[in-house]
Amino acid sequence: VAELWWIYSKPVPADNRELWTLFLQCSCITAVIGGLFYNWMFASLEYSWHLSVAMAISFSLLLLLTLFLVHPARCVFSMIMPTLGTKQGRRLLFSTCIMIAVVNITPNIISNIKTILQVIQCICKNSSDSLLNSTALLEKVSWEFGDAIQEATHSIYKPMNGHFRISLLQNSSLIYQKMHLAGEKISREFLSVEVLVKDSVRVANRLAAGFFMLYLCFESSWYLKNYLTNLSFDNFYITKKLERLAMDRRAAHLLVGSSKKLIRPTGLKLSREEVVLCLVQAMLVTVALMLMLVLVAMDHFAFSVADTAVRRAAQFSAVPVTLSIKYKAEMGIMPFLYKLFWRPSEALLLSDFNRTYHHHLIFSSARCRISPPGPPNPSVLLVVGLLFCILYGSAFLEPFARRLCRGIAASFFQGCEEKRVLHLYRKLARRH
């Protein structure tokens with residue numbers, strides 16, 4: 001492995017064997033990266049498969065030529081991998097989490113809201129139908145009551161017309177048609193909102209992913225540029241070359257006296273600045289996690305409400321309605337004569353009506369088309385949870401990722417590393 005890395009990091013191969021070894025290494029790397037690039041474009045960014053294949057092949061060929069011919073490009077590409085453990089890699093993972101959440105969680109929330117609206121539409125339709133049927137009952141009651149009024153004891157006291165006139169809507173298809181059109185309009189609006197959200201997030205995620213990938217390459221290039229031009233940049237490590245230089249010049253006490261300010265690149269010790277950076281990045285990840293948990297909670301809440309609405313609607317029983325009519329008509333005979341003789345007046349009974357009618361108001365029916373509520377997808381929650389575990393891990397491993405970037409740059413440019421070690425040694429000697 002050490003020999004393969006030595007060939008890979010050399011500026012120019014020494015012979016044909018190293019040349020072919022370097023070509024095979026670059027070919028294997030580009031084949032793996034091309035497959036990952038295709039999967040990223042097709043599965044995550046949702047491009048078409050033929051466009052993803054064409055882009056993956058073109059990218060792989062260009063990457064092969066660049067890695068094989070350009071030595072600094074190999075260094076930058078090698079530093080991209082540990083740079084994924086820094087904030088740029090977290091931004092890519094954030095965009096992936098957002099895409100997964102919007103594509104899988106948001107449609108489920110909209111579907112459950114549509115289920116709730118279907119339940120409301122079903123209740124409105126059945127209740128309106130039941131109310132229309134109750135008008136038929138009122139018509140029956142009115143005619144029976146009118147007939148009872150007409151049946152007076154004598155034709156002298158019979159009223160001219162005892163029937164009530166109730167204007168009924170016999171054809172209920174107009175109401176059903178309006179309710180159906182209203183439901184279809186709501187469904188189309190929800191579908192358009194869902195499509196708009198998906199398309200917007202898809203375009204935004206593609207732009208963000210492209211920007212983050214370019215910025216990832218830029219940050220690796222920026223690190224290499226500072227490493228080659230600034231001798232003090234990221235130069236506070238006790239490397240083996242620094243220890244060897246101090247031993248040769250009999251100045252090992254310089255490293256012992258500066259142990260609080262210098263750290264070993266292969267150790268687990270973190271400087272104060274690195275600890276503060278880890279805590280800040282962990283707080284940012286926590287904020288993003290809270291926002292994602294809000295979206296997940298909305299998904300569970302929408303499912304709970306939709307499931308409760310469907311179960312309650314199925315359990316709705318018919319509401320009994322009782323209409324009782326008591327009518328009694330009588331007429332007093334010469335009441336003023338009875339008042340003169342202080343005797344109670346007598347009345348002539350004209351009509352007596354006492355009947356009870358029953359009706360049921362129905363709010364739900366098995367004929368209603370209600371889509372079942374969709375439960376939250378546990379696999380999506382598992383994937384998002386794993387991604388956030390990786391985000392938290394990368395937040396605390398970022399200092400080690402930067403140390404790995406420095407080690408890669410030192411192996412590719414050993415002459416520059418010797419200058420940096422000598423610069424750090426002179427700096428420590430001046431302080432001492």
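Descriptive notes on the structure:
- Options 52, 60, 27, 95: the member that is in a helix (DSSP H, G or I), in contact with a Gly (Cβ under 6 Å, 6 or more places away or on another chain) and not aliphatic (A, V, I, L, M): 60
- Filter result for residue 266 (closer than 30 Å to residue 143 by Cβ and of a type in the set (Val, Ile, Thr)): no
- Flag if residue 232 is open to solvent by less than 70 Å² (accessible area, probe 1.4 Å), at negative phi and at pLDDT below 85: yes
- Segment 417-432: number of residues that are assigned to a helix (DSSP H, G or I) and either touching a Gly at 6+ places or on another chain (Cβ under 9 Å) or open to solvent by less than 20 Å² (accessible area, probe 1.4 Å) (or both): 6
- Inter-residue pairs, beta-carbon under 6 Å, first of a type in the set (S, T, N, Q) and in segment 19-36, second surrounded by 12 or more Cβ atoms within 10 Å (Cβ to Cβ), 6+ apart: 21/7; 25/8; 30/60; 30/63; 30/64
- Test: residue in segment 79-101 that is hydroxyl-bearing (Ser, Thr, Tyr), over 30 Å from residue 277 (Cβ atoms) and open to solvent by 30 Å² or more (accessible area, probe 1.4 Å): no
- Of everything in segment 5-28 that is under 44 Å from the mean Cα position of the chain (by Cα) and open to solvent by 50 Å² or more (accessible area, probe 1.4 Å), the residue that is nearest to residue 200 (Cα to Cα) is 28.
- Selection within segment 376-397 - open to solvent by less than 60 Å² (accessible area, probe 1.4 Å) and aromatic (Phe, Trp, Tyr): 388
- Pairs linking a residue in segment 187-207 that is closer than 19 Å to residue 46 by Cα to a residue that is among the acidic types (Asp, Glu) and outside any helix (DSSP H, G or I), with Cβ atoms under 7 Å and 6 or more positions apart or on different chains, are 202/46.
- Hits in segment 30-49 - residues which are open to solvent by 30 Å² or more (accessible area, probe 1.4 Å), over 24 Å from residue 5 (Cβ atoms) and in a helix (DSSP H, G or I): 38, 39, 40, 42, 43, 49
The values are calculated or read from the model by the stated rules, or taken from the named source; none is laboratory data. Note that the structure is predicted; figures quoted are calculated from it, not measured. Methodologically, a virtual Cβ is constructed for each residue, glycine included, from the backbone with ideal geometry; neighbour enumeration extends over all protein chains shown. Just so you know, the surface numbers come from the protein's heavy atoms only, side chains and all, with ligands and any DNA or RNA stripped out. Shrake-Rupley method; radii C 1.70, N 1.55, O 1.52, S 1.80 Å.
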